[in-house]
Each structure stands twice: as structure tokens, then as C-alpha cells.
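The values are calculated or read from the model by the stated rules, or taken from the named source; none is laboratory data. What you see is a predicted model, and the numbers here were worked out from it, not measured in a lab. Virtual Cβ from ideal backbone geometry, glycine too; neighbours counted across all protein chains shown. Ligands, DNA and RNA are stripped out before the accessible areas are found, and what is left, the full protein with its side chains, is counted by its heavy atoms. Shrake-Rupley method; radii C 1.70, N 1.55, O 1.52, S 1.80 Å.
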Amino acid sequence: MSLSYDDLTQRLLSLDLIDMDALREVERSFGAKVFTAEEFLQALQRHGRLTKYQVERLLNGETTGYYYGDYRIQYLVGAGSFARVFRCVHKDTGQVVAVKVLRARYRDDQTAVNEFKREGELCMQMHHPNIAAVYELHHTKYEHFIVMEFVEGRTLREELNAQKNGRLEPRRATRIARDVCSALEYALKRGYQHRDMKLTNVMLSSSGKAVLLDFGLLADEASNFKTQRAIEYAALERATHVPRDDKRSDLYFLGAVYYQLLTGIAPLGEVKERSRRLDASRFRLVKPIWQVAPDVPRCVATVVERAMKIAPEERYQTPKDMLEALDSAIEALEAGGDGAAATITTKPKKKAPTASVLVVEANPDLQNAFRQSLKNAGFRAMVVSNAERALERLDDPDGAAIDLALFNAQSLGQSAVIAFNRMLDSSYTRDMPAILLLDENQVQWAPKAKRSKKRLAVGMPIAMKRLLMVVDKLIKTEMKPVAEPEKPTSPAPAPGGSAAPATPVAPAAPVEPIKSVVTPLNFPSSPVEPPAPVAQTTQSELALDDCPEDAFDMALDNAVDHMRVNNDPTVVPPAPAPTPAPPAVEPQFQPLAFDNPDDDSYIDDED
């Protein structure tokens, strides 16, 4: 530091960092000892007149960065990719506040500035004891900052690290979870969601009250900002086939925080890599809390288990529902029992669709047929009308998860084959099952299709229910056998050798067999010879896990039934118009150019 003591005192006074009385007091502490400007700064810090942050800036010769408006900066509290938070004090009133400052790299980004302003405006409307209050919002040409309540205390992560066994006592953990849930209920009543629930976003005040911080990812219908959710939220909502900003996602991650408070173990693990954080298997591999911590009271474990159900419809549906369960758990804990009375039983609900199928089909009638048939079979059907849009939809990390893609070349032409192959170019779709439907006049395109056991080229026409079996086979890793009907037994002979009168039994309705491959399609120039035709198989046999896989890579039916636009099996559809023969010259496939998907999942570089 090159400043003299006189220069230093002038700078301190001009920056309004200290007054003359404080200067004289610290000077007297040296007595007759000679001191340097640097030693004087260190003494100011020891006496609490300056903070470490201020001293470091003075030692570096910085002349700015000591104030935000009328608030003098004391030290940095925390920093993220979007903003930084400082502890500050009002220069006149002495009020201690937290000042959240937009990072310099976003100052010229109008979208980021607008979202930062929106956060401040919305949070100023929320007044709840478990939500950090926002007092002021400031925007200048060079600075954008929010003045908010400063909570004296430490984060839940810091609190856990301070515990000898790394976890909290159940009653204390439950009260903390209740405070946070109360804040979520208040926010949701006003149409807002937090979208970034984690240990570091909850502060424990000196009085023991939990305060929810950082509504920077707050979501409502007015927001279009692309960093509106933590990456774990994106992974959960894709894995569970729900729309973005599902209100039950906050409850899942509150359950995860509660789990960690009770066990000291992060249920989803502590991972940093983006690809692993997006991995849906993390949610399926969470160990039940009663396995990790068998000593956790049952009333508490019940709340955690329900909050963290993978199926959204099995979780608490609103913060109010979870708040009531937490109140019951607190009552049970304070009563000294294991909380058996707090166990919540719910009526079984209809199981949600287990998988989603994206149908790429241009014909409106067939779109309706696919949609209705898939829905009746228990799948969730999404339909798009062109191949380019399908690839964009499949490669969109924000869209609902897709388990299988079905392209119908009858209506799409060569673009179906191109899109079918392009799925291999993306990490999102490389391992996704896919079906390419080819008309009997398009089978010469099959050698161009990049096929495997999970990527099939199927000849048309094919019965819809047979096609649904193929879809089900590709999606499911294991199919449950269908119980065979019990055969009527003959009555035991009556004493004396005469047979007892038999009870008349109505004859069982004959099971109409589904005709299997009748005429295999011959793919010209195909390097793989088609397997032999499959023997005729009954419907009950096809429901078992013994469908020959080699039959799936060729046409499964060459006639039998056409796909029906309605669901009435007695209606015979009109014969399709003949498809003109393909040109003699083999089609030349030109690659399609698609933009890379935007990466709009928020990644927290702090936690």
C-alpha cells in the first residue's frame, strides 16, 4: 500500500467510512508507538470500525464499491451465477440489511434486468414471517440491486455441519419444515412458486425461526426468463411427465430438505456434473427414510415418504396439505409417542400413464386414431405433424419426457426415415425406442433406416392392437404375464360310481387369433436376411413375454386389419387409395439441418 497515513484518513473521511471521533479513538490505542497506514487499517478492523471487505479494498487502492445507494457495504454474504449478496448498513440510520446485486455481466441484458426487477417487485408484495422481507428496489445505469431483510443466523447446511452427528432432532427438524411449508403456502396463494428449494436457501435466525430466502427463480404465469428453475426441478418434471412449473415440485424438494435434516444424508446425493444432475434415475434410487434412519419416528417418516413420492399425484397436492400433516406430526412428537396417529392414509388413485409416445403423423384421421388408441392402452399420446418439429420436440430438455417415438412414412415420406436416423445424433434421443412405419411400396427404404432391437422398421398395414403390443414391448423392460383362465374341472364321481349331475357351464367365447406375419417384406439390398415367418399366435400368448424379437425388425403383418379410425371393431374401413409406385432411382437422402436446443436449465454454482 503506497498511501500515507494522512492520505488514508482523507480517503476514509471522504468515503464516509468512518468519522473523526472513531479515527482519534483508534489513534490513541497506539499510544506513543509509531504506526503505518496499513497497521492503522488493521487496527480499525480489530476495533470493529471497518470490515475485512472494506480493508481489502482500501489496501488495493479501490476508490469505489463501498456503497450501494445509502447502504455501506460491510462484507460479502454469498455469490451465485446471477447475483451477489452483501451485508450492508444504512449510513444514517444504522439499519442492517442484505443487498442483492445483479452481476455486472447482466447489466446490459435487458431480459435479465427485467427479471431481476420483477423479482424485487413481486417479493415486495409478500409479507410473511418465514419469508425474507424486501424493502427497496434500485435501478441505475450502472447498478441494479434489491434491499432486503438481513437474517442473523446461518443456513441449514451450516447448521447441519455444526451438529456432531450431522442431523437434527426430529422435533426441531419438523418445526423447520413447517416454517418453510408455511412460506410456500403463502406464496402459492399469490400464484408464486420458489423453484429452488435447498439447504442453502433456508436461514435459521438467532431465535430459531426458519426463513426462506432467494426467490430469484420464483415462477408465475408472467415469467418468460430462461433460468427460471434449478436443474433438479427440470430433471424431476421430465422424469415424471408433468408440465414445467408444477406446483408439487417445491413440495418434493422440501421433502428432500426434511429428509436430510432428519438423516444427515442428501437423498439425491451430492453431485455437481450437469449430466448426472439431469439423470432421472436419481429419483428412483432414493432409499426410503426408514431404511436410512430406522429411529426416525413413524409420523415423521410418513410425511417425508409422501412428500417425495415420484408419482406427482401421490404427493401432497398443495403446501396446505403438507402443512396439516406437519402439524399432526408435531402434535404426535410433543405427545411423546411414535406418531402412529399421524399416519396419513389416502384413497388409491387411478394410476397415471406409465409412458409417453410421440406420434409423428400428418394425416388428421390417423392422428386421432393413434391418440385415442394409445390413450385406451394406458399411454400418454402426443402428436406432431412433421418430422422437423418432432426432432425439436424430442431434443427439448424442457418438454415432458418421451419414452418412444413413432414415425409414419406413409404420410411423411422420406423425412420420416431421415428423422428416425437423426435421433441417433442427440444424447437425449440416442437410446430412445423408435418405430418407423413403412408402406408396402416404401419397404425399399428400410436398408436406409438405422435399426436395432429398440429401433424397428415395421411394414404397413398392421392391426392397431398388434402395433400397441410392439410399442409396449419396446418401452417395458419386463412385462407381467397374463393369468390364464381357469379350466372347468369335472365333478368328482358320486358314491357308488355314478357321476354327480354336472352344473351346466356356459361355453367360453372363442378367442380370435391375431394373425402373425403372413408374408415377410423383402427389403432389397438389405444386409440382413429376414427371419422365417412366425407361427400363428393367440392373443393370450402374445401378452406373455415371449414375442419373438426377430419378428419385430420386419413387417409383423402384411394384411389382416388396417388401422381403424374409430374404435368399433365391426366397422370395416374403406380400402385405401393405391399408392403410386416409387421411382426407379433409389431415393437420395439429404441431411436436415436443425438448431441445437437451448440449455435453459438453471445450474447453481454454489450448491
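Numerical summary
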read-out	value
Residue list for segment 79-111, filter: of a type in the set (S, T, N, Q) and either in contact with a helix residue (DSSP H, G or I) (Cβ under 6 Å, 6 or more places away or on another chain) or within 21 Å of PHE150 (Cα to Cα) (or both)	SER81, THR93, GLN95
Checking ALA43 against (1) outside any loop (DSSP other than H, G, I, E, B); (2) aliphatic (A, V, I, L, M); (3) touching a residue at least 24 places away in the same chain (Cβ under 8 Å), the condition it does not meet	(3)
Matching residues, segment 267-299, being assigned to a helix (DSSP H, G or I) and under 15 Å from the mean Cα position of the chain (by Cα)	ARG274, SER275, ARG276, ARG277, SER281, ARG282, PHE283, ARG284
Qualifying residue in segment 259-272 (condition: open to solvent by less than 10 Å² (accessible area, probe 1.4 Å), in contact with a Cys (Cβ under 7 Å, 6 or more places away or on another chain) and closer than 30 Å to LEU333 by Cβ)	no
Which numbered condition LEU213 misses (of (1) on the phi > 0 side of the Ramachandran plot; (2) at pLDDT below 90)	(1)
Which listed residue, of VAL85, VAL99, VAL89, is open to solvent by less than 50 Å² (accessible area, probe 1.4 Å), assigned to a strand (DSSP E or B), under 17 Å from THR140 (Cβ atoms) and of a type in the set (Val, Ile, Thr)	VAL99
Subset tally (residues that are in contact (Cβ under 8 Å) with a residue 12 or more places away in the chain, under 30 Å from GLY65 (Cα atoms) and not in a helix (DSSP H, G or I)) for segment 139-196	16
Count of segment 387-412 residues which are more than 21 Å from the chain's Cα centre (by Cα) and open to solvent by 20 Å² or more (accessible area, probe 1.4 Å)	5
Pairs where the first residue, in segment 56-75, is farther than 11 Å from ARG87 by Cα and the second is of a type in the set (A, V, I, L, M, F, W, C) and surrounded by fewer than 19 Cβ atoms within 10 Å (Cβ to Cβ), C-beta under 6 Å, 6+ apart	LEU59/MET1; TYR66/LEU15
Test set (1) part of a helix (DSSP H, G or I); (2) open to solvent by 40 Å² or more (accessible area, probe 1.4 Å) - GLY48 fails condition number	(1)
Which numbered condition GLU62 misses (of (1) open to solvent by 50 Å² or more (accessible area, probe 1.4 Å); (2) within 17 Å of HIS144 (Cα to Cα); (3) among the charged types (D, E, K, R))	(2)
Pairs where the first residue, in segment 245-273, is farther than 16 Å from ARG178 by Cβ and in contact (Cβ under 8 Å) with a residue 40 or more places away in the chain and the second is in a loop (DSSP other than H, G, I, E, B) and open to solvent by 40 Å² or more (accessible area, probe 1.4 Å), C-beta under 6 Å, 6+ apart	THR263/ARG167; GLY264/ARG167
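Residue-by-condition table, conditions (1) open to solvent by 70 Å² or more (accessible area, probe 1.4 Å); (2) at pLDDT 95 or above:
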{"site": "SER275", "(1), (2)": "yes, no"}
{"site": "ARG284", "(1), (2)": "yes, no"}
{"site": "PRO294", "(1), (2)": "yes, no"}
{"site": "ARG298", "(1), (2)": "yes, no"}
{"site": "VAL304", "(1), (2)": "no, yes"}
{"site": "ALA307", "(1), (2)": "no, yes"}
{"site": "PRO312", "(1), (2)": "no, no"}
{"site": "MET322", "(1), (2)": "no, yes"}
